[in-house]
């Protein structure tokens, strides 16, 4: 069923559908972003032989996987925390 132009049913006035305005979505992205960043840093630290005690220690593969995961975490945090400009 298509929405009629000008219809506001199911939306919050002044907010468009599909933007990062839902508080639960923002909170979920922040939590997932922090977890990804922390796990990525842990993996990278083990891969760089900075954190001993596992089979991942000293294996460069985990350094690269950890760095990539940390970048994903940062991107998620930036998306969740950036402020949206008010619409027209």
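Each value in this text was obtained by applying a stated rule to the coordinates, not by laboratory testing. Just so it is clear, the model here is predicted, and its values are computed rather than measured. Cβ: placed from backbone, ideal geometry, glycine included. Neighbour counts: every protein chain shown.
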Modelled FRET efficiency - R0 25 Å, residue 79 with residue 54, Cβ distances, 0.05 increments: 0.20
Burial ranking of peptide ranges 54-66, 31-43 (average Cβ count within 10 Å, highest at the top): 31-43, 54-66
Difference of contour (0.36 nm per residue) and Cα-Cα distance, residue 25 to residue 61: 9.8 nm
Cα pair count fraction exceeding 16 Å, expressed as % - region 29-81: 37 percent
